[in-house]
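Asker: I'd like to ask some things about the structure below.
The values are calculated or read from the model by the stated rules, or taken from the named source; none is laboratory data. Predicted, not measured: the structure shown is a model, and the values here were computed from it. Here Cβ is always computed from backbone atoms with ideal geometry, including for glycine, and neighbour counts include all displayed protein chains. What goes into the accessible areas is simple: the full protein's heavy atoms, side chains included, and nothing from ligands, DNA or RNA. Shrake-Rupley method; radii C 1.70, N 1.55, O 1.52, S 1.80 Å.
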Amino acid sequence: MYIPSAFRQEELTALHQQMRACRLPSLVSHGEHGLLATPLPMLLVEDEGPYGTLYGHFARANPQWKDLAAGSQALVIFQGPEAYVTPSWYAAKAEHGKVVPTWNYINVQARGHVEIFEDAERLLKIVSALTDRHEGGRDKPWAVSDAPDDYIAGMLRAIVGFALPIERLDGKWKLGQNRSEQDQSGVRQGLLASTDPRDQALASEMSIPKPA
């Protein structure tokens, strides 16, 4: 990912926070089966390795795990808030008109080599943890243990698990930091005035520029 210095995010806490906020990252790899990408829910264990370790599982029928087991490197993309930015929000439009549209966004990318595992007990732990994470906010959360044991055992045989110790972690916070404080303020106010929750989510990530 191309990251100009003004947009580079290196604070590990911020990177991890964005990774946790992304509910369905995409795992990309290239190997014998070509270039493959699979959207997958994942767990981040922050204290395993210098950048953390990601856990998840594939359908056994998905050939991507075989490429990863053979040594292909994995790239995991965590897309954060994003929004179109109209030149109309820039103070510079009224000053000289030399402005064009852009897209602002937050994106984190993790790289590493994957360990594939098929142990039922380990798979059950991952599946249960993922379920608990996404059921946690419900009034009556469902648990893996709610299903019959023999049914869960059969479902576990249909998947393979993976652990991805992160070897490289890149973060890009493209929030208009390269523009004047007046332009940044105009963008933030424009996004906040939008009825689109995606625009408002990005506005909440922008710091409020100091008054000129």
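Asker: Would you pick out the residues in the range 164-202 that are among the small types (Gly, Ala, Ser), surrounded by 20 or more Cβ atoms within 10 Å (Cβ to Cβ) and under 23 Å from the mean Cα position of the chain (by Cα)?
Answerer: Gly171, Gly176, listed by residue number.
Asker: In the range 91-104, what residues are open to solvent by 40 Å² or more (accessible area, probe 1.4 Å) and either touching a helix residue (DSSP H, G or I) at 6+ places or on another chain (Cβ under 7 Å) or over 15 Å from Pro4 (Cβ atoms) (or both)?
Answerer: Within the range 91-104, Lys93, Ala94, Glu95, His96, Gly97, Lys98, Val100, Pro101 meet the criteria.
Asker: Moving on to the next point. Can you confirm whether Leu68 is under 14 Å from the mean Cα position of the chain (by Cα) and either aromatic (Phe, Trp, Tyr) or modelled with pLDDT of 95 or more (or both)?
Answerer: Judged against the criteria, Leu68 is not a match.
Asker: Then there is this: Which pairs turn up if I take residues in the range 155-180 that are under 30 Å from Lys66 (Cβ atoms) and look for partners that are in a strand (DSSP E or B) and open to solvent by 70 Å² or more (accessible area, probe 1.4 Å) with beta carbon separation below 6 Å, at least 6 apart in sequence or on another chain?
Answerer: Once the first residue is under 30 Å from Lys66 (Cβ atoms) and sits in the range 155-180, its partners that are in a strand (DSSP E or B) and open to solvent by 70 Å² or more (accessible area, probe 1.4 Å) give Ala163/Glu115.
Asker: Does any residue of the range 123-136 turn out to be without any contact (Cβ under 8 Å) to a residue 40 or more places away in the chain, open to solvent by 80 Å² or more (accessible area, probe 1.4 Å) and in a helix (DSSP H, G or I)?
Answerer: yes
Asker: So which residues in the range 137-163 are open to solvent by 60 Å² or more (accessible area, probe 1.4 Å) and within 30 Å of Tyr2 (Cβ to Cβ), if there are any at all?
Answerer: Within the range 137-163, none qualify.
Asker: Pick out the one residue from Arg60, Arg23 that is in contact with a strand residue (DSSP E or B) (Cβ under 8 Å, 6 or more places away or on another chain) and touching a residue at least 40 places away in the same chain (Cβ under 8 Å).
Answerer: The conditions single out Arg60.
Asker: Kindly evaluate Leu202 against the criterion of being modelled with pLDDT of 95 or more, in contact with a strand residue (DSSP E or B) (Cβ under 8 Å, 6 or more places away or on another chain) and not in a helix (DSSP H, G or I).
Answerer: no
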